[in-house]
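This report concerns only the one structure given below.
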Amino acid sequence: MSNDAAGAKLCSVDFEIFGHVQGVCFRMYTEKEGLRLGLCGWVKNTNKGTVVGQVQGPADMICEMKVWLCKEGSPSCSITRASFSNERSIDKVELFGFKTRF
């Protein structure tokens with residue numbers, strides 16, 4: 001993460017995305033968007049057809065990522081619902097990079 005985020009409020013939030021979000025490159029696009037916004041985190045498919053993950057970084061970028069996860073996603077996905085939980089302030093980012101987990 002760049003140093004210009006110093007002094008910005010850091011957040012961590014977990015997410016679960018519902019809809020047609022597997023087999024449509026959702027994880028790859030989530031990873032790209034997270035990196036584009038300068039966030040750290042991870043994303044993975046679940047066995048119930050959803051995509052889950054966690055993002056960490058400046059609060060304003062987390063807000064942008066949440067909007068992207070709710071409304072945009074990958075080009076051929078169909079998002080019916082996005083659920084966010086465990087939102088908390090953090091002193092420093094606990095994750096490194098943005099990875100797809102399996």
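Quick notes on this structure:
- Any hit, the range 20-41, residues being part of a strand (DSSP E or B) and either more than 10 Å from the chain's Cα centre (by Cα) or among the polar types (S, T, N, Q) (or both): yes
- Subset of the range 47-71 that is without any contact (Cβ under 8 Å) to a residue 24 or more places away in the chain and surrounded by 13 or more Cβ atoms within 10 Å (Cβ to Cβ) - its residue that is farthest from residue 20 (Cα to Cα): 63
- Positions within the range 14-27 being touching a Lys or Arg at 6+ places or on another chain (Cβ under 8 Å) and open to solvent by 40 Å² or more (accessible area, probe 1.4 Å), in sequence order: 18, 27
- Assessment of the range 6-13 against the conditions (assigned to a helix (DSSP H, G or I), touching a residue at least 12 places away in the same chain (Cβ under 8 Å) and surrounded by 16 or more Cβ atoms within 10 Å (Cβ to Cβ)) yields no matching residue.
The values are calculated or read from the model by the stated rules, or taken from the named source; none is laboratory data. The structure presented is a predicted model; accordingly, all values stated were derived computationally and were not measured. Cβ: placed from backbone, ideal geometry, glycine included. Neighbour counts: every protein chain shown. Ligands, DNA and RNA are stripped out before the accessible areas are found, and what is left, the full protein with its side chains, is counted by its heavy atoms. Shrake-Rupley method; radii C 1.70, N 1.55, O 1.52, S 1.80 Å.
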